[in-house]
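The structure under discussion appears below in the form of structure tokens.
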Amino acid sequence: MTTLSDAGRPGAAPDPADAAEAPVRGLWRQGFVVFCENRLALVGLGLFILLAGLCFLGPLFYHTDQVHTDLAAVHLAPGEQGHPLGTDGVGYDQLGRLMLGGQTSIIVGLAAGILATAVGTIWGAVAGFVGGWADTAMMRVVDAMMSIPSLFLFMLLAAIVTPSVPMLIVIIGAFAWLGPARLVRGEALTLRSREYVQAMRGMGGTGGRAVRRHIVPNAIGTVIVNATFQVADAILYVAYLSFLGLGVPPPAANWGGMLSDGLADTYSGHWWLLYPPGIAIILIVLAFNFIGDGLRDAFEVRLRRR
């Protein structure tokens, strides 16, 4: 008989719990290795860390006044009077404005993407697992909402309500969940016929338990990968709305609003008001797309070995 003191000795019988967890740890480790082998994924992760650090930690070291205008320092070129990226039409420091706008864009993008993914995952998992008339009714709702252009709905709601960071999160998340719902529903249709789900139902397990313990966890790869693309789409939607004048009102800022303001000033030769926010939007969207591609490769490897 192997005692507790014998567990660590050579030749001792392995712990069944450790033996069961070892393949799981190996799959996660292999997925991590595959992600790290994807150079674009690492570039995307580095870009996101760099931009997030610039926006959230940069103001701690580079202090600017983004509330009071300074008409004596209007349209200063980059480098003039201690402004690395110049100033805009009301005297705001452009670098400080870029940091402040990045905070809004990243917060709204992350929160709206997570909200849309959570709602879409629950909706799709329930529809796909229950099936029948409930699945038909739930997915007809999704199809009906997807038939209306998303940007039109965002513009309509943003014009009705007063734009703010929480409101933008709700507006974008309220319609961006449709894509994740269709993806997870397809996964649920496949997973509900698996032996372990049927065995759980045969032992008296409820449908809610099946969704929580089997459908959603086994579709987590699809959910996580889609979440990264949802965040990128949400950041673009924020930029679209702000570019059309439906973003957060001043003195708050975001990259889309800066892009809209800079477009008019570009014709006057003030190019530094257009390129920084435009480049920032491109980089943050590319970053999340690269991260999503890397996560997709990592989870595909794990699924093949499952």
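The values are calculated or read from the model by the stated rules, or taken from the named source; none is laboratory data. Just so you know, these numbers come straight off a predicted model, no measurement behind them. We place every Cβ from the backbone using ideal geometry, glycine too, and count neighbours over all the protein chains shown. Remember, those area values only see protein heavy atoms, side chains included, never the ligands or the DNA or RNA. Shrake-Rupley method; radii C 1.70, N 1.55, O 1.52, S 1.80 Å.
By accessible area, using a 1.4 Å probe on protein heavy atoms only, the stretch 36-180 has 75% of its surface on carbon and sulfur. Ellipsoid fit via the Cα gyration tensor, the stretch 57-182: semi-axes of 44, 15, 10 Å, each the root of five times an eigenvalue, largest first. If R0 is 30 Å, the Cβ-Cβ spacing of L42 and I279 corresponds to a FRET efficiency of close to 0.90. Take the Cα of A144, step 7 Å toward its Cβ, do the same at V161, and the gap between the two points is 2.1 nm.
In order along the stretch 47-58, the Karplus-derived 3J(HN,Hα) couplings, from 6.51 cos²θ - 1.76 cosθ + 1.60 at θ = phi - 60°, round to 4, 5, 4, 5, 5, 5, x, 4, 6, 9, 9, x Hz, and Gly and Pro are given as x. If R0 equals 45 Å, the separation of the Cβ atoms of I49 and D265 corresponds to a calculated FRET efficiency of about 0.90. A simple rule links phi to the HN-Hα coupling: the Karplus curve 6.51 cos²θ - 1.76 cosθ + 1.60 with θ = phi - 60°, which for the stretch 169-174 gives 4, 5, 4, 5, x, 5 Hz, with x for Gly and Pro.
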